[in-house]
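Below you'll find the structure, written out as structure tokens, and then a few comments.
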Amino acid sequence: MDSLDLLLGGLGDALTPTNLMWAAVGVLLGTFVGVLPGIGPAMAVALLLPVTFGLEPTQAFIMFAGIYYGGMYGGSTTSILLNTPGESSSVMTAIEGNKMAKRGRAAQALATAAIGSFIAGTIGTLLVVFFAPALADVAVKIGAPSYFAIMLLAIVLVTAVLGSSKLRGFIALFMGLTIGLVGLDLSTGQPRLNFGQSLLADRIDIVIVAVGIFALGEALWVAAHLRTSPLQVIPSGRPWLDKDDWRRSWKPWLRGTALGFPFGAIPAGGAETPTFLSYIVERKLAGKDSEFGQGAIEGVAGPEAANNASAAGTFVPLLALGLPVTATASIMLAALQGYGIQPGPQLMSSQPDLVWTLLASLLIGNTLLLVLNLPLAPLWARLLRTPRPYLYAGILFFASLGAYTVNQRPFDLFLLLVFGLVGFAMRRFGLPVLPLILGVILGPLMETKMREALSISDGDVSALVSEPLAVVVYVIIVVALLVTVFSRFFRRPVAADVDGTSGS
Amino acid sequence: MSHDTTPRTDDGKRAGGADKAQYGLAVVVALVGAYTIYDATTLTVGFADPVGPRVFPYVIGTVMVVLAVLLAVATARGDRPEAEEGEDVDLTTPPDWPTVLKLLAVFVLNIVFIDSLGWPVTGAVLFAGCTWALGSRTLVKDVLIGIVLSVASWYFFYVALDIPLTPGVLEGIL
């Protein structure tokens, strides 16, 4: 029960009127940005991250947690009311959610999504409280070779298992790894790939890469293909659930949570698989006479819970290993580094206060989201009607503001433009975004670990398989690759349903 | 994320035939890979560093070149990309290049003038310019919204977050 005491301590630190105000601001900003069409949670977090830089760590966390949950919830609002999911993890929510909305049950769909997200997020965060310290205890003992193997596992799984085109996944991944090379080599201090440009000596800020590819790339892509006939937005009343809805929702919430958390916690990345599984499970359990296909509340409750539980689960590898497995988690890693925190096995013991404050902040952000967003839902729904010129001009405005405030130099805006064009090209050529972001973040970490492992062994490559854990992980990688190759022949139609790794 | 699996190109061309632009992507990927390898050869390896700074760039650059070749082969065999769809994206029409170029021009203006004129000025121009590029024709209203946004964001960073952004020509006024 040690963890629980520490969490209560964290809650005590976090619960002050000022902090609650920052949490509320975070939730509102996060939902505001997340609700806008075309913006998913990862982009919302990347856009709003600079706002938290001026604050003290505790306040920054708490605001950040609000932004994070707000962005996630905003995304599901968009998919229910517009039937066009902002990111792949909302695809399953949109299927039944939009049908509910069309039948006049938008309010219930939004309510079951909000309450389900709250329950899954709370349970998920509590599970993080118990699992992350345990994993960190184990992780302290694992050496550089195993670390290298685990990171390799994460990028291979994200690139090869998710997504429809492996070739495009790997192109995106290696583009990311190339971007990760730019800057001073960490051990010899020599500049790499900097074109003689001293401004590139510091590594490229992940915030600029992410905002460029997500926000600017998206705005340019939409500008090139702007739909002339506006989409139909379904108006929403104030979300509420009657007794029957509660009865039908609570089991899918719990089942979704149980499916989502493990998938978030293992480095297989993303909520696509658990949301898909949750949808299938609910449809099977509902039987033939169910409402599935015409807007079944179970089909919203389950996947939404799975989505949020999986998002909470990603905190386990993030905090305990310093290993991000989704685009949102990558931005979060950058955020933590921005606050002077280096996630990893030592974090739990070296800066316990910060970790527990962060976890407490997540609980607070999640609660506040429920309190604020149920009454505000009709207002958010109105945002979906924002005239498109204002919407995308606003995205470009805030993207520039965000990138500029990181270091206050015009050169960063130039980089932003470059990555915006890269993001545009990626959308044009169907390259998934997530492998690139992970490549930028994990590439330098992998290089450090590999060189650490090999300098101990004096260059003997067999050092990479000198730990049993590393060997096990390599076996898993090979098995995963074989399964992907063979599953292409066996279950093509299913794979087509869950594909898509774009995190925008 | 695509809901529509029928192959079609970005330009709205009929399916069938190679997507020639993909050769361009393959060339870019190959060039980036080749430059990465070349750049690595210019690095010196220290004594006590068995791996050195070259290994990673060599591996990454080589794989990039291989991937470029694979992409070119796949393209020649008729493989085509699934361009990303979205709420506001209509892939059935050809890309609207003039709008994209106008947006890029407005964005470049911001980069060039942000230090001298300051964010409150260039931010407003950026917003109004983008709405204009995207088809809004209510210039006065757009400029006013832009000014409110840029000045408000400047004050938000200055007062609430204690980050003074460049005031530029408005120094002393704000």
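The values are calculated or read from the model by the stated rules, or taken from the named source; none is laboratory data. These figures come from a predicted structure and were not determined experimentally. Here the Cβ is made from the backbone with ideal geometry for all residues, glycine too, and neighbour counts use every protein chain on show.
Just to check your reading of the model, which residue among B:Val55, B:Val66 is under 23 Å from A:Phe148 (Cβ atoms) and facing another protein chain (nearest Cβ under 9 Å)?
B:Val55 is the lone residue from the list that is under 23 Å from A:Phe148 (Cβ atoms) and facing another protein chain (nearest Cβ under 9 Å).
Is there a residue being away from chain B (no Cβ under 12 Å) and surrounded by fewer than 24 Cβ atoms within 10 Å (Cβ to Cβ) anywhere in region A:160-168?
Yes: one or more hits.
Restricting attention to region A:407-435, and to residues there that are among the β-branched types (Val, Ile, Thr) and within 21 Å of the chain's Cα centre (by Cα), which single residue is surrounded by the most Cβ atoms within 10 Å (Cβ to Cβ)?
Step by step, filter region A:407-435, then rank; the result is A:Val433.
Of the residues in region A:331-353, how many are within 10 Å of A:Ile206 (Cβ to Cβ), buried (at least 17 other Cβ atoms within 10 Å of the Cβ) and out of contact with any Asp or Glu (no Cβ under 8 Å at 6 or more places or on another chain)? Full working, then the answer.
To start, the set of residues in region A:331-353 that are within 10 Å of A:Ile206 (Cβ to Cβ) comprises A:331, A:333-335, A:337-338.
After this cut, where a residue has to be buried (at least 17 other Cβ atoms within 10 Å of the Cβ) as well, the list is A:331, A:333-335, A:338.
Remaining after also requiring out of contact with any Asp or Glu (no Cβ under 8 Å at 6 or more places or on another chain): A:331, A:333, A:335, A:338.
Residues flagged as within 10 Å of A:Ile206 (Cβ to Cβ), buried (at least 17 other Cβ atoms within 10 Å of the Cβ) and out of contact with any Asp or Glu (no Cβ under 8 Å at 6 or more places or on another chain) within region A:331-353 amount to 4.
List every residue pair whose Cβ atoms lie under 6 Å apart, where the two residues are 6 or more positions apart in sequence or sit on different chains, the first residue falls within region A:424-452 and is within 15 Å of A:Phe214 (Cα to Cα), and the second residue, located anywhere, is of a type in the set (D, E, K, R) and modelled with pLDDT under 85.
Close Cβ pairs satisfying both conditions: A:Arg427/B:Glu84; A:Arg428/B:Asp10; A:Gly430/B:Glu82.
Being surrounded by fewer than 21 Cβ atoms within 10 Å (Cβ to Cβ) and under 17 Å from the mean Cα position of the chain (by Cα) narrows it down to one residue among B:Pro98, B:Pro94; which is it?
Testing whether each residue is surrounded by fewer than 21 Cβ atoms within 10 Å (Cβ to Cβ) and under 17 Å from the mean Cα position of the chain (by Cα) leaves just B:Pro98.
Inspect region A:2-11 for any residue being outside any helix (DSSP H, G or I) and either within 21 Å of A:Pro352 (Cβ to Cβ) or modelled with pLDDT of 80 or more (or both) and give the result as yes or no.
Looking for residues that are outside any helix (DSSP H, G or I) and either within 21 Å of A:Pro352 (Cβ to Cβ) or modelled with pLDDT of 80 or more (or both), one finds none in region A:2-11, hence no.
Give me the pairs, please: first residue somewhere in region B:35-56 and assigned to a helix (DSSP H, G or I), second residue anywhere and aliphatic (A, V, I, L, M), beta-carbon distance under 7 Å, and either six or more positions apart or on two chains.
Pairs that qualify, where the first residue is assigned to a helix (DSSP H, G or I) and the partner is aliphatic (A, V, I, L, M), are B:Thr36/A:Leu181; B:Thr36/A:Leu193; B:Thr36/B:Ile60; B:Thr36/B:Met64; B:Asp39/A:Leu193; B:Phe56/A:Leu181.
Any residue at all in region B:107-125 that is more than 8 Å from every other protein chain (Cβ to nearest Cβ), among the polar types (S, T, N, Q), assigned to a helix (DSSP H, G or I) and crowded, with 17+ Cβ neighbours inside 10 Å?
The answer is yes; a qualifying residue exists.
Hey, any hits in region A:18-40 for a residue that's surrounded by fewer than 24 Cβ atoms within 10 Å (Cβ to Cβ) and free of Cβ contacts under 8 Å to residues at least 24 places away in the same chain?
The answer is yes, given that some residue of region A:18-40 is surrounded by fewer than 24 Cβ atoms within 10 Å (Cβ to Cβ) and free of Cβ contacts under 8 Å to residues at least 24 places away in the same chain.
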